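The values are calculated or read from the model by the stated rules, or taken from the named source; none is laboratory data. This one's a predicted model, so the numbers in the text were calculated from it and none came from an experiment. Counting neighbours? That spans all protein chains shown, and the Cβs are built from the backbone with ideal geometry, glycine included. We work out accessible area using only protein heavy atoms, side chains counted, and drop any ligands, DNA or RNA first. Shrake-Rupley method; radii C 1.70, N 1.55, O 1.52, S 1.80 Å.
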Amino acid sequence: MRTPGRLRTSSAALLVLAVAGCTETPDDGRPPAAASAPTGAPAAVARICAGPAPGPAQAPPGAVTVDPSVVGDLAAKTASSPENTTFWLRPGTHRLVPKQYAQVLPKKGNTYLGAPGAVLDGAKVNQYAFGGPAPDVTLRHLTVQGFVPPQDEGVVNTSSADGWVIEHSTLQRNSGAAMMVGARQRIRANCLRNNGQYGVNGYKDGDTVRGLVVEGNEITGNNTDDWERRRPGCGCTAGIKFWAVNGADVRGNWVHHNRGAGLWADNNNNDFLFENNLIEANDGTGLMYETSYNTIIRNNTFRRNNVVEGRRLADRGDPFPYATIYVSEAGGEPRVKARTDRIEIYRNLLENNWNGITLWENANRFCNSPANTSTGYCTLLVKDTGSCARPAIADRPLYDDCRWKTQRVDVHHNRFVLDGAALGCTTECARTAVLSNYGTYPDWSPYKAKAVSEALIHRQHNRWHDNEYRGPWSFVADDPAVRVDAAQWQDAPYRQDAGSTFTPRAGG
């Protein structure tokens, strides 16, 4: 089974960061020097880890003071205090009782504030920091580190309670995920770095997460445990992984140097806005939107993503155009309510990434198919997974509704820039693609041969137009082996990128 994976940020949490042209981000992760930002690029992104906003130096009136010299003081005072209590953690390293499941169990409406230098450390003994079902809990100005939850579990909001606010905090060097999410959760102006699996695991067991905001965070260096190497094909890595989230704003984040994908929305997500993010130097794809619906991806800058994994695939002779923005069995669906009924990708800058944008649909992947890696899940249009079987699946509406479709994708007014020499790219790079495979499996599938491929390219309303390409770009259509130039891409039978411009050299 695949693992599940509109407020303003304080000006103190943002650093103006220009992202124009060929300006590079140094390998040490520092932002580049200021320059003029082109149309569509974010004018400012989060730079949190180098200088997190300090918490209050004195306890607020009425707050309960927590003493770092007393082991377990935070959990004990939480247990003995009523709902809606504010706790102020003094400077120093706070520890829980040294037992595996010892954790803080907040009560409804509690607030936890860290003084400058306040750290909650799990000492590689405690699995969880803050858990339990209480809603509307707030954490601010606190460093949480050294916790060791199992794979796919999180340190903060372990139980995915609703209405939590986590902001101006540093969650670092934990195993598993730094945090889980619940409905109406606000994740703002945090440093989420060097965690073993995810910075955020956007998943709530048995439920859909609604109304999530991820804004102004720095998300860097996650998946230190390299889970795809430990469990090949697990789909269990990213800076953030979203799973069955309905309604999310992901804006103004700096997502960089994560092992694997930067951001990955997988399985029945809907109604996302990805806006004004700087996504760079992630080993894998910058943004993957998979088996999901209805999203807007606009005004983001993608730089130097997928160089590590793209080169690895090329070196072993794999021609698949693994992309910087990777849309996999995902599309617009008017029957699923959202702020858009399409996947809209526009006004983004893609600079020196291994590849561009790929739209992919696996002909063998649909509800009830053994090839569906989201085991046991079906589309949002079918309530009974078992109904997607022979003979009913061969007829409409199940023929259409039992599969996640890459459809109604509109790619326009983006800028693609690639300098192959600077990237060290000679083959199997600088590609944008729309493709499927030849349907073969299982033997009762109604989607065999070219049925899905023909629909994807000619009938599912996927369209590129009014983009700007600079560099040695080519286009993959229908099959990884079918690679065409700009003129062929614009001509029949594809007729893509009307109104677009093509300059063979990145700087010319």
field: Fraction of beta bridges assigned by DSSP in segment 95-194 that are antiparallel (%, nearest 5)
entry: 0
query: Under the rule of -39500 (n - 2.57) per DSSP H run of 4 or more residues, summed and divided by the residues of the chain, what mean residue ellipticity at 222 nm is obtained, to the nearest 500 deg cm²/dmol?
result: -2000 deg cm²/dmol
message: Cross-link candidates for Lys405: which lysines have Cα within less than 26 Å, leaving aside residues fewer than 8 places away along the same chain?
response: Lys204, Lys241, Lys337, Lys383, Lys448, Lys450
- prompt: Of the beta bridges DSSP finds with both residues in segment 411-508, what % are antiparallel, to the nearest 5?
  reply: 20
task: Post the alpha-carbon centroid distance, segment 110-157 to segment 308-355, in whole angstrom.
output: 34
statement: Between Arg230 and Ala451, the two model label points (7 Å from Cα along the beta-carbon direction) sit apart by a distance in nm of 4.0
Cβ charges +1 (Lys, Arg) and -1 (Asp, Glu), total dipole of the chain, debye: 700
- prompt: How would you order 68-77, 309-318, 294-303 from highest to lowest mean count of nearby Cβ atoms within 10 Å?
  reply: 294-303, 68-77, 309-318
query: Over the chain, how many percent of alpha carbon pairs lie in each 20 Å bin up to the one with the longest distance?
result: 24, 54, 21, 2
query: In debye, nearest 20: dipole of segment 41-186 around its Cα centre with unit charges on the Cβ of K, R (+) and D, E (-)?
result: 160
task: Calculate, for the chain, the solvent-accessible area per residue in square angstrom, rolling a 1.4 angstrom probe over the heavy atoms of the protein chains.
output: 37
query: Can you give the % of DSSP beta bridges in the chain that are antiparallel, to the nearest 5?
result: 5
statement: A 1.4 Å probe over the protein heavy atoms gives the chain a carbon and sulfur accessible-area percentage of 50
query: Which is farthest toward the positive dipole end of the chain among Ser81, Thr224, Thr208, measuring Cα position about the Cα centre, with Cβ charges +1 (Lys, Arg) and -1 (Asp, Glu)?
result: Ser81
